[in-house]
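Asks: Sending over a structure as C-alpha cells; questions will come in a sec.
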Amino acid sequence: MKFLRAIVLAALPAVLSVAAIAQSGRTARTADTEGMILNITAFRTDGKSDPIRMENLYLYENGIEQKIKSFGVDPSPSRIVILVDNSQTLPTDVEKMKKAVMEFAYEIFEGDQLFVVAYDEKPEIIQEWTDDAKKLETSLATFRKKGNPYLFDALNASMSEVLLPLMPGTRKTAVVVIGDGLDRGSKTTFEKTLNTLQEQNVTVYWLRIPDRTGGAYRRNQPKPTAIIDQLTEGTGGKAFDFEKAQEAAKAICDELRRNRYFLSYIPVNTASFDARRVFLTADDGISVRAKTAQPPNVK
C-alpha cells in the first residue's frame with residue numbers, strides 16, 4: 001500500500017514484528033523486594049471529597065488477603081496506543097474510524113501522547129507518538145479496509161515494540177482498540193495475549209463495533225464479544241459504544257489523568273509460579289478496578 005510509512009518500517013524492521021514478541025525478554029513486572037505493582041482506577045461514588053487511602057482498599061490473591069504496602073495517585077502522563085481494525089468486512093466505514101481516533105486528540109491532557117496502529121493481516125504504523133492533532137489527522141489518510149483481522153498478533157506487537165520500550169520508566173500505558181473483537185488468523189493465542197497484557201500492566205479500553213459474525217461459534221477462542229469483555233475486564237479497562245466515540249474518548253482520558261492510582265504489595269502465601277486471581281474491593285462509596293490476575297512468574 002503506497003500510503004504506508006515505508007521509510008519507518010524499512011528503518012525499523014523489528015517494529016511491529018510478531019516474531020520479535022517471542023524473543024523479547026523485557027518486562028515491566030516487579031516481583032522482588034519492592035513488591036508487585038498494580039495500576040488502579042478508583043473514584044468516589046458517594047459525592048464526598050475525602051481522598052481515597054489504602055485503608056479503604058482490600059486486596060486478595062487466590063482468596064488470600066494481601067497487605068498493601070503503598071498506594072497513591074499516579075500523576076504521570078499517559079501513553080495511549082490506538083489500535084484500529086482495518087479489515088475488509090468490519091461493519092463501519094473509514095471516515096467514522098478516523099473521526100473516532102481524532103476524538104482522542106481533542107481530549108488528551110498536557111503531556112499525554114498517542115500512537116496509532118492499524119491492522120489486518122499485519123499491524124502498520126499510522127502515526128508515531130504525538131500530541132499534535134493536525135499531524136494526527138493528516139496521518140489518518142492511510143486508513144483503508146482490506147484483508148482479515150489478526151487482532152491478537154497486532155495487540156502483542158503493539159505491546160512488544162511500542163509500549164515495552166517505554167518501561168519501566170513509563171507506568172501509565174493503555175491500548176484503545178477500535179473494532180468488533182474478531183480475530184481471524186493470528187498465530188498468537190488469546191490466552192497469551194491476555195497474559196502478556198496483564199503481565200505488563202497495560203490497560204485495555206475498547207470502542208465496540210457490532211460483531212460482524214452475529215455471535216458465531218469460534219474454534220479454540222472466545223466469541224468476539226467475549227474477547228472484548230475478557231480483555232477489558234481482565235486488565236482493569238472498560239468497553240464503550242463506538243457510536244459514542246466522543247463520550248468514550250473523554251471518559252478514558254479523564255479516567256487516566258484524574259482517577260489513576262498505583263498500588264504495591266508483596267505477595268504472601270501465594271506461589272509466583274502459578275497464575276493468581278486478583279480481587280480488589282473498597283469501602284462503600286468507592287469504585288475500584290484493577291486487572292483480574294497475575295500471570296505465572298515464569299520466563
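Asks: Which one of A100, A19, A105 is hydrophobic (A, V, I, L, M, F, W, C) and at pLDDT below 95?
Replies: On the way: A100 fails: at pLDDT below 95; A105 fails: at pLDDT below 95.
Unique residue meeting the criteria: A19.
Asks: Could you tell me how many of the residues in the range 233-269 are part of a strand (DSSP E or B), surrounded by fewer than 18 Cβ atoms within 10 Å (Cβ to Cβ) and of a type outside the set (S, T, N, Q)?
Replies: Start the filter on the range 233-269 by keeping residues that are part of a strand (DSSP E or B), which leaves 238-241, 260-265.
Filter once more, keeping what is surrounded by fewer than 18 Cβ atoms within 10 Å (Cβ to Cβ): 238, 241, 262, 264.
Then keep just the ones that are of a type outside the set (S, T, N, Q); that gives 238, 241, 262.
Qualifying residue count, the range 233-269: 3.
Asks: Something else about it: Here are the criteria: (1) over 12 Å from the mean Cα position of the chain (by Cα); (2) modelled with pLDDT of 95 or more; (3) closer than 22 Å to G236 by Cβ; (4) surrounded by 17 or more Cβ atoms within 10 Å (Cβ to Cβ). Tell me which single one T189 does not satisfy.
Replies: All conditions pass for T189, except number (4).
Asks: How many residues does the range 219-257 hold that are without any contact (Cβ under 8 Å) to a residue 60 or more places away in the chain and over 13 Å from the mean Cα position of the chain (by Cα)?
Replies: Total meeting the criteria: 14.
Asks: Same structure, new question: Suppose we keep only residues that are at pLDDT below 95 and among the small types (G, A, S) within the range 265-292. Which one would you say is nearest to Q198 (Cα to Cα)?
Replies: A275
Asks: If you check every pair at least six apart or on different chains, which have Cβ atoms under 9 Å apart with a residue in the range 132-156 that is in a loop (DSSP other than H, G, I, E, B) first and a residue that is surrounded by fewer than 14 Cβ atoms within 10 Å (Cβ to Cβ) and aliphatic (A, V, I, L, M) second?
Replies: Going by the 9 Å Cβ cut-off, the qualifying pairs are R144/M1; K146/M1.
Asks: If the Cβ limit is 7 Å and pairs must be 6+ apart or interchain, which residue in the range 45-65 that is touching a residue at least 24 places away in the same chain (Cβ under 8 Å) pairs with which residue that is surrounded by 10 or more Cβ atoms within 10 Å (Cβ to Cβ) and among the aromatic types (F, W, Y)?
Replies: M54/F71; L57/F71; L59/Y265; Y60/F279
Asks: Just a yes or no: is a residue in the range 222-232 under 22 Å from F43 (Cα atoms), crowded, with 24+ Cβ neighbours inside 10 Å and modelled with pLDDT of 95 or more?
Replies: The answer is yes, given that some residue of the range 222-232 is under 22 Å from F43 (Cα atoms), crowded, with 24+ Cβ neighbours inside 10 Å and modelled with pLDDT of 95 or more.
The values are calculated or read from the model by the stated rules, or taken from the named source; none is laboratory data. Predicted, not measured: the structure shown is a model, and the values here were computed from it. Positions of Cβ are generated from backbone atoms using ideal geometry, with glycine treated the same way; all protein chains shown enter the neighbour counts.
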